[in-house]
Amino acid sequence: MSSSDSPEEKHLTPSALGTKAHWDSLYTLELTNHSSNPSDIGTVWFSDSDCESRIYQYLTSDSLSLPSTTTFLDVGTGNGHLLFSLLEDGDFEGDGMVGIDYSEGSVELARNIAEQTPNAEGVKFLRLDVIKSSPDLGFFGPRIAEEGGFDVILDKGTFDAISLSDEVVDDGSGRRIYEVYPENVARWLKPEGGIMLITSCNWTEEELVEKMTVEGSGLEMMGRIKYPEFTFGGKKGSTVCTVAFRRKT
Ligand SMILES: C[S@@+](CC[C@H](N)C(=O)[O-])C[C@H]1O[C@@H](n2cnc3c(N)ncnc32)[C@H](O)[C@@H]1O
């Protein structure tokens, strides 16, 4: 059960993973580790579930037929590994890739790793808090502004982390900060053909769809990535889920 104890309570139980202090101290440690051992790139979330290769397979499937010039935004990029994994087989170009994170340490770590990663010179890493600010497309550079958004927005574990914060939005609505995430991020997606892929271990697939398709986000579900399922207490489930969304036409 991922939600808090109260039956009416729809939020997750807050934890340290929902605080910037947690991520700042993690990336301070990971930067130190990386500088003393460049092969230590820090945590790759959900690697047990083979998540990045499943995302890669989904994005390179014939049904999507995405060109090499596809643009990507990785929200809450951490060490940037998800973007680097998409560069590995040469299907996509780094020039169209942007990773954002609110922790200065993440941005520094990802930039340092980019320097030692083949074909990653063009990948941009920028500091941005996606809750406190939702800048116009120009923030990401002239190409993204001209093209009207990103082709693909990725989130691996970031909506999860934001859902673990007990902060409320500063607009008097009483909403928790994760509830504004869908509308803040979806506006950076190309209105036609853009895909947003979110991977979560805290929400079930049904919950993720419900949270991301709230009014105001303009998103609808378009697909899912399959993970091995287990049965527990008569119910079927998987440890993580990845759901694809597109903007409603
Ligand atoms: C679970 S980690 C996932 C990191 C990376 N996506 C991965 O899969 O390895 C969550 C990331 O979200 C970032 N994050 C949390 N809240 C954020 C916010 N409001 N704006 C931008 N980044 C945020 C954290 O700094 C952290 O890097």
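Each reported figure results from applying straightforward, stated rules to the coordinates on display, with no laboratory input. Everything quoted here is computed from the prediction, not taken from an experiment. Using ideal geometry, Cβ is built from the backbone for each residue, glycine included, and neighbour counts are taken over all protein chains shown.
Per-structure values
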item: Relative contact order, percent, the chain [alpha-carbon distance under 8 Å, six or more residues apart]; result: 17
item: Whole-Hz couplings from phi, Karplus 6.51/-1.76/1.60, listed for segment 47-57; x for Gly and Pro; result: 5, 4, 8, 6, 5, 5, 6, 5, 5, 4, 4
item: Estimated Rh, segment 24-78: Kirkwood, alpha-carbon pairs, angstrom; result: 13.8
item: Segment 98-181 - convex hull of the alpha-carbon atoms, volume per residue in Å³; result: 116
item: Scattering profile of segment 155-249 at q = 0.17 Å⁻¹ [log10 I(q)/I(0), Debye over alpha-carbon scatterers]; result: -0.76
item: Cα lying deepest toward the dipole's positive end in the chain, options Gly148, Trp45, Asn79, charges on Cβ; result: Gly148
item: Fraction of antiparallel bridges per DSSP, the chain only, in percent to nearest 5; result: 45
item: Relative intensity, log₁₀ I(q)/I(0), of segment 136-197 from a Debye sum that treats every alpha carbon as a point, q = 0.14, 0.24, 0.25, 0.27 Å⁻¹; result: -0.49, -0.98, -1.00, -1.06
item: Total formal charge among the other residues, if their Cβ is under 13 angstrom from that of Ser35, Lys/Arg +1 and Asp/Glu -1; result: -3
item: For the chain, with +1 on Lys and Arg beta carbons and -1 on Asp and Glu, the positive-most of Ser63, Ser165, His22 along the dipole; result: Ser63
item: Dipole moment magnitude, nearest 20 debye, segment 47-247 about Cα centre, only Lys, Arg, Asp, Glu C-beta charged; result: 320
item: Pairwise centroid distance, computed over Cα atoms, of segment 169-242 with segment 81-118, Å; result: 23
item: Student exercise, segment 37-163 dipole from Lys, Arg, Asp, Glu Cβ charges, in Debye to nearest 20; result: 300
item: CD proxy at 222 nm, helix term only [per DSSP H run n ≥ 4: -39500 (n - 2.57); per residue of the chain; nearest 500]; result: -8000 deg cm²/dmol
item: Gyration tensor (Cα) of the chain, equivalent ellipsoid semi-axes in angstrom; result: 26, 22, 20
